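Please treat every number below as a calculation from the coordinates, not as lab data. Every value quoted in this text rests on a predicted model; they were computed, and no experiment measured them. Here the Cβ is made from the backbone with ideal geometry for all residues, glycine too, and neighbour counts use every protein chain on show.
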Amino acid sequence: METTTLSSKGQIIIPKSIRESHHWQPGTVFAVEDTGTEIILRLRKPFPTTLLEDGLGCAGYEGPAKSVEEMEEGISEELRRQWQRGPRK
């Protein structure tokens, strides 16, 4: 088991062997959780940058392209059906 010491500035050094085994570089971001009896560091993996085009088609619709008006009408029809059906129980 590795050990480390809290500095006068409140900093903790993660031992080099652990940093190298996880390939953590300077600037790596961690979430810190205090459970009351433990302090847990969790690696924060940022979401990759995406473009709107990357998400298009992810709903699985394979029919002809719909216009905005057709999509809005479809949404309105479903809302009317759900409203007529009443609240879910």
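Here are the numbers for this structure:
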read-out: Filter result (assigned to a loop (DSSP other than H, G, I, E, B) and surrounded by 10 or more Cβ atoms within 10 Å (Cβ to Cβ)) within the stretch 49-89; value: LYS66
read-out: Flag for LEU51 being hydrophobic (A, V, I, L, M, F, W, C) and closer than 30 Å to PRO15 by Cα; value: no
read-out: Any hit, the stretch 35-43, residues being surrounded by 10 or more Cβ atoms within 10 Å (Cβ to Cβ), part of a loop (DSSP other than H, G, I, E, B) and of a type outside the set (Ser, Thr, Tyr); value: no
